[in-house]
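Participant: Supplied in structure tokens, the structure appears directly below.
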Amino acid sequence: MNRLINLGLVAAILVAVVASFAYLGLDFQALVGNGGLGQMGEYAGRFLHPDLSAGHVGAVAYGALETLAMSGMGTLLAVVLGLLLALPAAGRFGWPLQAVARLLLNALRAIPELVWAALTVLAAGLGPNAGTLALALHTAGVLGRLFAEALENAPPEPAAAIRLQGGSQVAAFCFGTLPNLWPQLLAYSLYRWENNIRMASVLGFVGAGGLGQMLYTTLSLFQEAQASTVILGMLVLVFVVDALSDVLRQRYVRGGR
């Protein structure tokens with residue numbers, strides 16, 4: 001019986017694949033015929049010779065710094081805004097504010113970064129300011145939700161002990177709750193920074209500055225050699241940020257537990 005079910009699933013998948021190709025109307029003859037493969041090979045080959053001239057490499061380095069600044073500032077703003085929204089979202093100020101904060105966090109993270117970038121470009125103009133705001137708004141929704149869940153699961157005893165000693169609610173949070181959550185909050189923030197450095201490289205396609213805007217410009221002008229250098233700059237930047245994030249995580253997150 002199980003064998004018949006498995007065969008039926010395989011057959012259904014094959015039928016779905018064939019039906020998808022038929023529905024899309026893909027013309028493989030036009031794709032591989034009439035020198036199509038050769039043209040694709042020539043186009044890909046032009047990316048194998050990046051433009052390493054001093055002027056272009058300097059421009060790519062400047063774009064990489066701009067992208068790094070966008071991701072770092074956007075993540076920092078998101079951490080602050082996310083923590084401010086996480087407090088009411090965790091029920092620290094009653095259920096009405098909790099419902100409003102959760103609704104706002106859901107709205108912020110439901111809109112993708114590219115859509116936020118398209119909106120902020122209209123509001124803030126072309127350039128890295130729009131990209132920074134787009135990253136901050138979406139990431140605040142993600143981090144705020146994660147921070148709220150961490151606050152809900154935090155042990156209440158340290159904060160309660162400070163309150164019994166006459167401490168204020170702010171002092172109880174800063175000295176009783178936050179020290180226990182610090183490694184977890186930092187881990188969430190570093191993970192989102194790694195994601196934002198990649199997304200910051202893409203937001204330039206809607207005019208939000210950085211390496212993404214350089215890549216969009218070079219591809220639009222069919223400057224494959226210059227585009228290849230920009231792609232290499234993106235890879236180097238991602239590797240550097242991943243290594244730096246791992247060092248910070250080893251030092252402050254795993255070492256803090």
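The values are calculated or read from the model by the stated rules, or taken from the named source; none is laboratory data. Because the structure is a prediction, the values reported are computed rather than measured. Note that each Cβ is placed from the backbone with ideal geometry, even for glycine, and that neighbours are counted across all protein chains shown.
Participant: Taking the range 159-171 only, how many residues are surrounded by 10 or more Cβ atoms within 10 Å (Cβ to Cβ) and closer than 25 Å to Leu81 by Cα?
Facilitator: 4
Participant: Counting only residues that are within 14 Å of Val206 (Cβ to Cβ) and of a type outside the set (A, V, I, L, M), which one in the range 120-158 is surrounded by the fewest Cβ atoms within 10 Å (Cβ to Cβ)?
Facilitator: Gly125
Participant: Determine whether Phe239 is outside any helix (DSSP H, G or I) and either out of contact with any helix residue (DSSP H, G or I) (no Cβ under 6 Å at 6 or more places or on another chain) or not assigned by TED's automatic domain parsing to the domain that holds Leu119 (or both).
Facilitator: no
Participant: Moving on. Those residues that are β-branched (Val, Ile, Thr) and modelled with pLDDT of 85 or more, I need them from the range 205-257; list them, please.
Facilitator: Result: Thr217, Thr218, Thr229, Val230, Ile231, Val236, Val238, Val240, Val241, Val247.
Participant: Same structure again: From the residues in the range 85-95 that are surrounded by 16 or more Cβ atoms within 10 Å (Cβ to Cβ) and outside any helix (DSSP H, G or I), which one is modelled with the lowest pLDDT?
Facilitator: That would be Arg92.
Participant: Here's something else I'd like to know. Among the residues of the range 34-84, write down those that are loosely packed, with under 15 Cβ neighbours inside 10 Å and not in a helix (DSSP H, G or I).
Facilitator: Scanning the range 34-84 gives Asn34, Gly35, His49, Leu52, Ser53.
Conditions (1) of a type in the set (Ser, Thr, Tyr); (2) closer than 24 Å to Arg102 by Cα; (3) touching a Ser or Thr at 6+ places or on another chain (Cβ under 8 Å), marked per residue:
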position: Gly141; (1), (2), (3): no, yes, no
position: Leu146; (1), (2), (3): no, yes, no
position: Trp182; (1), (2), (3): no, yes, no
position: Leu185; (1), (2), (3): no, yes, no
position: Ser189; (1), (2), (3): yes, yes, yes
position: Ala208; (1), (2), (3): no, no, yes
